[in-house]
Amino acid sequence: MKDEDKTYENETTTIKTPLFDDRGSGDLTLQIEMLTKQKQLLQFKCKQAGVSIAELKRDNQLLSYDVATLTDRLRAAGL
């Protein structure tokens, strides 16, 4: 993702209906379409967040190994 794409405006989306759509706001097919688009967006965002969480867990585990190694070295040195 480019840096200029990391803005709040690009994170939020509004679902707009085409101008030629004559369905009213209470039309069930229109509501289903809007909810389906929302669901797809939320699934995409959850997938993005899941990757980030997995990366953080991996980094945390690597750091904990480093801390354990350094602790063992300090104990071996008698400090």
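Points worth noting:
For (1) among the basic types (Lys, Arg); (2) at pLDDT 90 or above; (3) touching a strand residue (DSSP E or B) at 6+ places or on another chain (Cβ under 9 Å); (4) exposed (fewer than 10 other Cβ atoms within 10 Å of the Cβ), each residue gets a yes or a no:
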| residue | (1), (2), (3), (4) |
| --- | --- |
| Glu9 | no, no, no, yes |
| Thr13 | no, no, no, no |
| Phe20 | no, no, no, yes |
| Ser25 | no, no, no, yes |
| Gln31 | no, no, no, no |
| Lys37 | yes, yes, no, no |
| Leu41 | no, yes, no, no |
| Phe44 | no, yes, no, no |
| Glu55 | no, no, no, no |
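- Inclusion of Val67 among residues that are under 18 Å from the mean Cα position of the chain (by Cα), of a type in the set (A, V, I, L, M, F, W, C), more than 30 Å from Arg23 (Cβ to Cβ) and assigned to a helix (DSSP H, G or I) is not warranted.
- Close pairs from segment 33-59: first in contact (Cβ under 8 Å) with a residue 24 or more places away in the chain, partner of a type in the set (Ser, Thr, Tyr) and surrounded by 10 or more Cβ atoms within 10 Å (Cβ to Cβ), Cβ under 7 Å, at least 6 apart: Leu41/Thr13
The values are calculated or read from the model by the stated rules, or taken from the named source; none is laboratory data. On a predicted model such as this, the values are computed, not experimentally measured, just so you know. Cβ sites come from the backbone with ideal geometry, for glycine too, and all protein chains shown count toward neighbours.
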